[in-house]
Amino acid sequence: MKTVILCAGGHAVVVAAALRDSGSRLAGFTDANASRRGETLEGAKVLGGDEAVTRLKPSAVRLLNGLGVGRDTGARRRLYEAFRGRGFRFLAFAAKSAWGARSATLAEGAQVLTRAVVHPRARIGENAVVNTGAIVEHDCVIGAHAFVSPGAVLLGGCVVGEGALIGALAVVLPGVKVGAGALVAAGATVINDVPAGTAVAGTPARKMR
């Protein structure tokens with residue numbers, strides 16, 4: 001069965017490097033930019049656009065979502081749902097250098113990347129990302145399509161809502177809830193619950209004007 005990474009940008013290369021380090025074989029990448037076809041990244045080629053996957057039977061390929069995030073997770077979610085809607089399946093993937101407790105769970109399409117740590121009874125939702133060096137402590141729940149950026153720390157019992165974005169090096173204190181679609185800016189310290197769709201920044205984190 002072939003493994004293909006959707007998109008060929010920065011996040012995709014990080015996923016590919018982790019996959020390669022795990023000893024798994026990558027068939028290639030997709031990219032909407034036709035001029036990139038044939039380009040080699042981490043030992044695998046850009047195969048073409050979406051048609052490089054959609055012309056295959058869903059049973060013949062497993063996908064990894066290589067699209068990163070900007071200020072929200074919407075585009076990444078839409079890409080995932082478009083391919084799931086066509087019957088394709090996504091790998092749940094943890095890098096070789098990541099550490100995960102046996103009682104932690106990863107849903108379909110979840111990614112735990114280089115040197116990230118996921119502690120007991122944590123749950124990582126569908127298409128969610130725990131990026132480089134992030135720490136997810138015991139009993140945390142990360143919702144579907146959420147993105148935990150490099151170096152972020154989620155302390156025990158935190159809840160990160162569906163599609164929320166936790167910025168690099170942010171810290172979320174024990175038991176705090178970050179609502180669906182919320183944005184926690186890089187370096188923020190979150191001591192109180194963040195309502196859905198709200199953007200917060202600073203230490204302690206406050207609503208951004």
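Some observations on this one:
- Between helix 10-21 and the chain: long-axis angle, C-alpha atoms, 0 to 90°, nearest 10: 70
- Axis of helix 74-85 versus longest Cα principal axis of the chain: the two differ by about 50°, to the nearest ten degrees.
- About the centre of its Cα atoms, region 107-173 shows a dipole size close to 160 debye [charges on the beta carbon of Lys, Arg (+1) and Asp, Glu (-1) only; nearest 20 debye].
- Sequentially through region 134-141, phi angles give Karplus couplings (6.51, -1.76, 1.60; θ = phi - 60°) of 6, 10, 10, 7, 4, 6, 6, 10 Hz, Gly and Pro residues having no value and appearing as x.
- Taking only the Cα atoms of region 135-209, the ratio Rg/Rh comes out at 0.91, with Rh defined as the Kirkwood radius.
- Across every direction, the projection of the convex hull enclosing the Cα atoms of the chain has a mean area of 10.8 nm².
- Working from Cα pairs under 8 Å separated by at least six residues, relative contact order for region 93-209 is 15 percent.
- Just the protein heavy atoms count here, and of the accessible area of the chain at 1.4 Å, carbon and sulfur take up 52 percent.
- Relative contact order (%) - criterion: Cα under 8 Å, at least six apart; region: the chain: 11
- Between the alpha-carbon centres of region 134-209 and region 77-132 there is a gap of 17 Å.
- Between amide H atoms placed 1.01 Å from N, distances below 5 Å from residue 62 occur with 2, 3, 4, all of them 5 or more places distant or on a separate chain.
- Long-range HN-HN contacts of residue 179 with modeled amide H, under 5 Å: 161, 194, 196
- Fraction of beta bridges assigned by DSSP in the chain that are antiparallel (%, nearest 5): 10
- Per residue solvent-accessible surface (Å²) - region 119-167, probe of 1.4 Å: 27
- Compactness of region 1-88 as Cα Rg over 2.2 N^0.38 Å, two decimals: 1.01
The values are calculated or read from the model by the stated rules, or taken from the named source; none is laboratory data. On a predicted model such as this, the values are computed, not experimentally measured, just so you know. Cβ sites come from the backbone with ideal geometry, for glycine too, and all protein chains shown count toward neighbours. Each accessible area value is taken on the protein alone, full model and side chains, heavy atoms only, with ligands, DNA and RNA left out. Shrake-Rupley method; radii C 1.70, N 1.55, O 1.52, S 1.80 Å.
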